[in-house]
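Each value in this text was obtained by applying a stated rule to the coordinates, not by laboratory testing. Fair warning: this is a prediction, and the values are worked out from it, not measured in the lab. Glycine gets a Cβ as well: all are built from the backbone with ideal geometry, and neighbour counts include every protein chain shown.
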Amino acid sequence: MTLSIRRRSLTRLFFVGIFIILVKVFLYWPNSSVYPYSRDPYQIREAGVLDLVARSGKALDVQRHKFLQVRMGRDDREDIFSDLVKEGVQDFWDKYQKPYIVNAETSNMDAQSVYTALDTLLSLNGWVAALCPTLTRPFAQNKYEDAYDDLIAQNHLYFIGIIVHSADHFLTDQLAVIVQLSKRLGPSNIFVSMLDYSSSDSTETLTDLAEAVLILLGIPFRIRRVPAMTADPEAAYYPLEEAHMRNLALEPLHELQSRRNLKFYRVIWLKGFTCPNDILETIKVSVANEAAMVCGMDWAKHNDFFIFSDRWRTRDILGDQFRQSPSSSTPDAGPPRDKLGAARYAQHLPFQVFCCESGTHVVDPAQSYYQGISYRAGTDYWNATDSEGRSGDPDANRRAGAGQSTGAPERAGSAPCLDSSQAWFCRDLWVNKAKEGMKEEEFGDAIEVNNAKRLRKREAADEENDRRQPGREVDPDANVGSDYDAMPDSEGGDSELPPLEDTDDSRLSVPNSVFRPARIMINPRCVTTYADVSHTQLALDLFGPERDNDSPLEGVGKYVLEDWEGAPEGFVCQEQRQTGGRKAPKTQRRLEFSIHEELERRT
Ligand SMILES: *[C@@H]1O[C@H](CO)[C@@H](O)[C@H](O)[C@H]1NC(C)=O
């Protein structure tokens, strides 16, 4: 790390410190007449000062329902800011408040202080977010602020999910993005669910800051800190932790539905850093296409350029892995490999994929969470830290002969893929959509008239195959990881697997193309970035300079995909077969994906 970066970080830390003092002074003010948030949960909260946000009749009205702003599992340990904050509060009280507090009438001065703080907060623009309006985007989308008026006028509810895991430098900017979104969508139209997953850095202080900001702005939230599922990171199975974190963050979504009959229109998972307009545009893409999921694209720094980074979870519509292309690559060498996707990527248009996550992504809960889909992961991983080599799946234990194994047990070539929880989620979306289509079109019967003998024959062939190739090649591309994940892999490590053999035996008995396709897509104009990325340069790389003759978005034409492909018959399965946390080694194989078989297995 260079000196200048370190100096910049220090300056940032200093400003955060000052800001926290300011906010805490307002929040933890004892007996303040304008103190908007009572720490006594039974006391009726006063309305008034925050009229700015109080709109009667709103379901998510934090003034009326205090359970809408909840902090769970606060970490009360002292941190490096504790003394600073305590002294700051005392100092502020002694110098600026105490001398002027004479009677109730002077409380308007307190009110003024809160208004001033609100003003400061609303202009909170983060360190990166401030740049957003200046970044070049195709079709001049940044120049037309009213492009989102229609969406905003519809007054829908949005659920924002954030998982924080020792990543404090993003949190302030993510907060800025939330503030910007709340300005546009309305504070009582969003709910923020922030899960602090056993962070060990200054995230705690930053979640305090987030809490303060959300309270002052009247944004409903649940900020929750939980310990890791597996205390020893080396003994953790990352995909399982990933699923666990996501499901915890979604708890308020389900509670608000079951207890208050509130349904959210879209769920926005904030990851890394994404500009507010890009998020709004992605929501528009999601709505125009009735998409189950729309992802942005992740770009991380790699030497002196930026590369597409979420290759662990992203698969094109043919099931192939994306290329780790630099942002400056020619359009035909861009990340998606499939022809259709590549062509649309080259025009900066949304394209269909088999699976994605790629930073910030927008999920339609009506097509997923509200239908009972939750995040999950494979269970027959090998516990490398356990002396007995047990796995999460008792069957696998038996197979491996617990107590005797010295290495990862063999798994059948057709065994389920032990990949990311997002990859499981995507497959669930495909299968669920197919099921929905069958219910509606009642062609289920036709599918049932399927040759069971042929299926059995194929299974036998699979087993034969396994016996013939016991060892699996080590993937030179392994450990590319998710985007923490932005781990550079060696140049040229872009492995290609041979396509599934197109013999009669490997053809699916019922092709995936007969089922209704899941609508999962990538909006390449939604750029998600990580530390050290020059946003200006990245935007220029990706989209070139904005031209004066760039026309504004022509209606929804630039958003909508006309033809939807069926699921690929196979995909590149990049799996973590053993414990060892996020960085556990990954192996790779190509695996068949049969929606028909998935449906049969589940009924
Ligand atoms: C692996 O085994 C260790 C030791 O028995 C245990 O503490 C840990 O929770 C296991 N990990 C998983 C992911 O099951």
7 Å from Cα along Cα→Cβ at both Glu436 and Val560: what's the point-to-point distance in nm?
1.9 nm
How much net charge surrounds Asp94 when only the other residues with a Cβ under 13 Å from the Cβ of Asp94 are counted, with Lys and Arg +1 and Asp and Glu -1?
+1
So the FRET efficiency between Thr116 and Phe67, C-beta based with R0 = 30 Å and rounded to 0.05, is 0.55
Scoring only Lys, Arg, Asp and Glu (+1, +1, -1, -1) among other residues with Cβ under 13 Å from the Cβ of Asp150 yields -2
Is there a pair in Lys339/Lys435; Lys271/Lys301; Lys263/Lys435; Lys66/Lys284; Lys284/Lys339; Lys284/Lys558 whose C-alpha atoms are over 20 Å apart, and which pairs would that be?
Lys339/Lys435; Lys263/Lys435; Lys66/Lys284; Lys284/Lys339
Would you mind counting up the charge near His254? Only other residues with Cβ under 15 Å from its Cβ, with Lys and Arg at +1 and Asp and Glu at -1.
+4
Packing-wise, with mean Cβ within 10 Å as the measure, how do 223-231, 528-536 rank, highest first?
528-536, 223-231
Where does each of 258-269, 302-313 land if you order them by average Cβ count within 10 Å, highest first?
302-313, 258-269
How do 569-576, 539-546 rank on mean C-beta neighbours within 10 Å, highest first?
569-576, 539-546
In nanometres, the difference between 0.36 nm per residue of separation and the alpha-carbon distance of Asp91 and Ala235 is 47.2 nm
Assuming R0 = 30 Å, what is the FRET efficiency of Val102 and Asp76, from their Cβ-Cβ distance, to the nearest 0.05?
0.30
Nothing charged except the Cβ atoms of Lys and Arg (+1) and of Asp and Glu (-1): what's the magnitude of the dipole of segment 205-251 about its Cα centre? Round to the nearest 20 debye.
240 debye
How would you rank Lys586, Lys98, Lys435, going from fewest to most other Cβ atoms within 10 Å of each one's own Cβ?
Lys98, Lys435, Lys586
